[in-house]
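Every number in this text was worked out from the coordinates using simple rules, so none of it is lab data. What you see is a predicted model, and the numbers here were worked out from it, not measured in a lab. With ideal geometry, Cβ positions are generated from the backbone for all residues, glycine too; neighbour counts draw on all protein chains shown.
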Amino acid sequence: MSDLGHVLILAGGLSAEREVSLRSGHRLRDALQEAGVEAEVADADAGLIAAMTSDPPSAVFPAIHGAYGEDGSIQEILALLGVPFVGAAAEACRFAFDKPVAKAVVRAAGLATPASVTLPKETFHDLGAAAVLARIVATLGLPLFVKPARGGSALGASRVMAAEDLPGAMISCFAYGDTALIEQCVLGTEVAVGVIDLGEGPQALPAVEIVPPASGYDYAARYTAGQTRFFTPARLPEAEAAAAAAAAVTAHRALGLRDLSRTDLIISGGRPFFLEVNVAPGMTETSTLPMAIEAAGRALGLVCRDLLSAAAARGN
Amino acid sequence: MAADNTTPAPASTPASGEPAPHESQQPLASQESLVDRYVDRYAGRAREMIASEIRALFAVAARPEIVSLAGGMPNLSALPLDAVGEMAGQLVADHGTVALQYMSAQGDPGLREAICDVMSLEGIRAHPDEVVVTVGSQQALDLITRIFIDPGDVILAEGPSYVGALGTFASYQAEVVHVPMDDQGLIPEALGQALAALASRGQRAKFLYTVPSFHNPGGVTLPAARRAQVLGICQRAGLLVIEDNPYGLLGFDGEPLRALRADDPHGVVYLGTFSKTIAPGLRVGWALAPPGIRDKLVLAAEAAVLCHSSLAQLMVREYLTSQPWQEQVKVFRELYRERRDTMLDALAAVMPDGCRWTRPAGGFYVWLQLPPGLNAKAMLPRAISARVAYVPGTGFFTGGAGGEFLRLSYCFPEPARIREGVRRLADVVSTEIELHSTFRGLLPPVPGPGGGQDFLTGPAGADIPQ
């Protein structure tokens, strides 16, 4: 049995990724149980602070995806409560969660990332949407990828093949947030590279190759078992696999992340392009981090137990 | 974990023994993680059963922080729970060997008799032998579809139609043809045109699915004159009518309307439920069908569930015979009327120009049309962020139409919450209007459902200040 004591997994939240997060949380609980750790799944709601104050857990595993879970707010609250937790501190989360900011940080650290522009909806309103969109297409070309600057699970994201589809993609995107990231759609092999740090510095896990159906890696493709095919390790030549691993570790370090992260990359022309990083990666049956942990010959429960122990030892 | 047990997919080594192109560079054999190893073995009807972001958003809508105008949950707090509990306990103590035993697939005879009494309130004269008890009326829909529909068969259904019915029809791979409605429900002329169009293509519909009273999601009701017209058209065409009537006793004005089945015992299958008049957790509904169909329904029910919950059936029978259930329905009616009024008042007070909506005379739902160009499905994430939920209209049409509509339900939230929810919704719509005005002229024109016809926009919407 573990000597961790009372462990809390935070899952749920009020974002569109609530359901995914609950599935992650329950899968984590089961995995931890197999590793001898009794963990409880709790939602981040109005009762949370009182519960944590009256019965403080020895460590918390945040598994809330999307805003509140990955934008640093829940980490800030945990720090205020003095509760140790797994994963990046609030400030690093804020940088990592904001895709344009994360892209800028990793670019400064030497990584390639698709050319993009970031614009709030007010710009389209004030300067005229037609002119702004035309300039974007003229500069970045097509196809494009439009996504909310903050958020995950492909919600509000669309691939735009033709210029006339761009306005509709902007509307879908702005339903999820007020700022859009419009990125060149780099074609290549899509991989997710998990990074874990069990005390010896951040190590990349085997890359997971994502082969979505023809319709793209959208919400349905992500969360309908069997729609997307996953290959672990990714079917990449050794040099490319090594470059992908190095890119994920570079992103993890450059953004000041801690314990675990997952970096999404496109390998194009033998080169990894950084798309985004997740500080509370999905842990569902169709999520790539658990696949990578398994492919590395490790058990998800034991890895999470060790991360919790490290957090508890670190304190806050 | 599915991935633990999967057969490793072939790595890059071909069977011939030839080295794979990258073999020397690839120390670890790549394995495919088959998240669902049976993915290529599912039946065709499972193909459309996929994860959706709308469902994901509804997972959030269930949280108390969100005012949910989405779900159609009856308000059970108005039920005399003590009395029902006492009755249930007594039932098991006194009749447990029957209540906990198997039963015939057609259902308890005493309950079927009581069901006939309930239906008599809507002018239906029926014999208990013609009634088949089902697991809510949803199962009746499933069984009807099962016995009538082969893949590709045509079903005529109102546009919009109850989402649960469309789900059932899709799972049997039916082709649904929507028939337009206005504020008086199904348009008889449109029904005639739909039948003629089918005939000209050499097709014939298997049945018409309709919710004539207090429509879900439309909130509209087919008046008596139109009922006769619709029945006449169906009789002349030899078209079976499936009359789904969950809300018939929940009208706010006067006596219950005469059911379609009351005037055509041979041409109409009537579906009823106690989910709205007692409680949905009991899962007791029924189908009233002509003998041939009845026989098939009983066999289909047996194949599906062997028999229904005996306990639930006896509870309903006991409730109907020992409790003042009609008084209770009156209590429900008053409660829902107050909430309907609250919602209509709130909508009139705060919704931005260009929105129009129906004024239900019973049931649970208001159907709202957004200003041109707006899409309720695309707008839902914004609503969830603003802590209010609704159901986008696309769920009530097949083929992705209906984006400019949304369904609001007033049955569950307290009046103060309804007002707050409508206020939040108005803000969301205003923001969306502003966003669309930013991209005006750049978006493709939105075709109306069913070829640009304007739905549900008669007098019900016309008296709203524009």
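Can you tell me which lysines have their Cα less than 17 Å from the Cα of B:LYS296? Leave out same-chain residues fewer than eight positions away. Cross-link targets: B:LYS206. Going from the residue with the fewest nearby Cβ atoms within 10 Å to the one with the most, A:MET52, B:MET87 rank B:MET87, A:MET52.
Cα gyration tensor of the range A:7-87, axes a ≥ b ≥ c as square roots of the eigenvalues: rounded (a/c below 1.5), prolate (a/b > b/c) or oblate? The shape class here is oblate.
Whats the longest run of chain B with zero GluC sites (Glu not before Pro) that are DSSP loop and have at most 16 other Cβ atoms within 10 Å?
Values: sites that count: B:GLU48, B:GLU65.
That gives B:66-466 as the longest site-free run.
Once you reduce the range B:90-132 and the range B:369-384 to the center of their Cα atoms, the two points are 44 Å from each other. Checked against a 20 Å cut-off, the cross-linked pairs A:LYS103/A:LYS147; A:LYS99/A:LYS121; B:LYS276/B:LYS377 give Cα-Cα distances beyond that limit for B:LYS276/B:LYS377. Rounded to the nearest 10 degrees, the inclination of helix A:238-254 to the longest alpha-carbon principal axis of chain A is 70 degrees.
For A:LEU198 and B:ALA416, a Förster radius of 56 Å and the Cβ-Cβ distance give a FRET efficiency of 0.60, rounded to the nearest 0.05. If R0 is 30 Å, the Cβ-Cβ spacing of B:GLU113 and B:GLN90 corresponds to a FRET efficiency of close to 0.90.
A quarter of the convex hull surface defined by the alpha-carbon atoms of the protein assembly as shown gives 37.3 nm² as the mean projection. With the convex hull drawn over the C-alpha atoms of the range A:195-316, the volume per residue is 114 Å³.
Other residues lying with their Cβ under 12 Å from the Cβ of B:ASP150 contribute a combined charge of +1, Lys and Arg counting +1, Asp and Glu -1. Annotation for the range B:171-249 versus the range B:276-352: alpha-carbon center distance of 22 Å. Of interest is the spacing of the C-alpha centroids, which for the range A:59-114 and the range A:12-37 amounts to 18 Å. Summing charges over neighbours of A:ARG298, with a neighbour being any other residue whose Cβ is under 12 Å away from its Cβ, gives -1 when K and R count +1 and D and E count -1.
Label separation (A:ASP3 vs B:MET49): 4.9 nm, computed from points 7 Å beyond Cα along the C-beta direction.
Find out how many positive minus negative residues lie around B:ALA126, taking Lys and Arg as positive, Asp and Glu as negative, among other residues whose Cβ is under 12 Å from that of B:ALA126. If you can, show how the numbers build up before the last one.
Values: positive: B:ARG112, B:ARG125, B:ARG261, B:ARG294; negative: B:GLU113, B:ASP117, B:GLU122, B:ASP129, B:GLU130.
Net local charge, B:ALA126 excluded: -1.
Ignoring trypsin sites (Lys or Arg not before Pro) that are buried or in helix or strand per DSSP, and keeping those with at most 13 other beta carbon atoms within 10 Å, what is the longest stretch of chain B between them? The longest such stretch corresponds to B:205-439. Among the GluC sites (Glu not before Pro) within the range A:15-53, those in coil by DSSP and having at most 16 neighbouring Cβ atoms inside 10 Å are A:GLU38. Normalising the average separation of contacting C-alpha pairs (under 8 angstrom, six or more residues apart) by the number of residues puts the relative contact order of the range B:81-325 at 28 percent. Remark: the B:ALA78-B:SER200 segment gains 38.8 nm on full extension, using 0.36 nm per residue and subtracting the alpha carbon distance.
All C-alpha pair distances within the range B:47-134, sorted into 10 Å bins from zero, spread as 12, 21, 28, 27, 11 percent across the bins.
How high is the relative contact order of chain B, given as a whole-number percent (alpha carbon pairs under 8 Å, six or more residues apart)? Could you put the intermediate results ahead of the total?
Values: 799 pairs, mean separation 95.0, N = 466.
Relative CO of chain B lands at 20 percent.
The GNM of chain A, with springs linking C-alpha atoms under 10 angstrom apart, assigns the highest mean-square fluctuation among A:GLY194, A:GLY128, A:GLY72 to A:GLY128.
Please give the calculated 222 nm ellipticity per residue for chain B, where each DSSP H segment of at least 4 residues contributes -39500 (n - 2.57) and the sum is spread over every residue; nearest 500 deg cm²/dmol? Mind showing how you got there, number by number?
Details: 14 runs with 185 residues, N = 466.
Result for chain B, helices only: -12500 deg cm²/dmol.
Working note: Cα atoms of the range A:87-237, range along each principal axis, descending, whole Å: 51, 36, 27.
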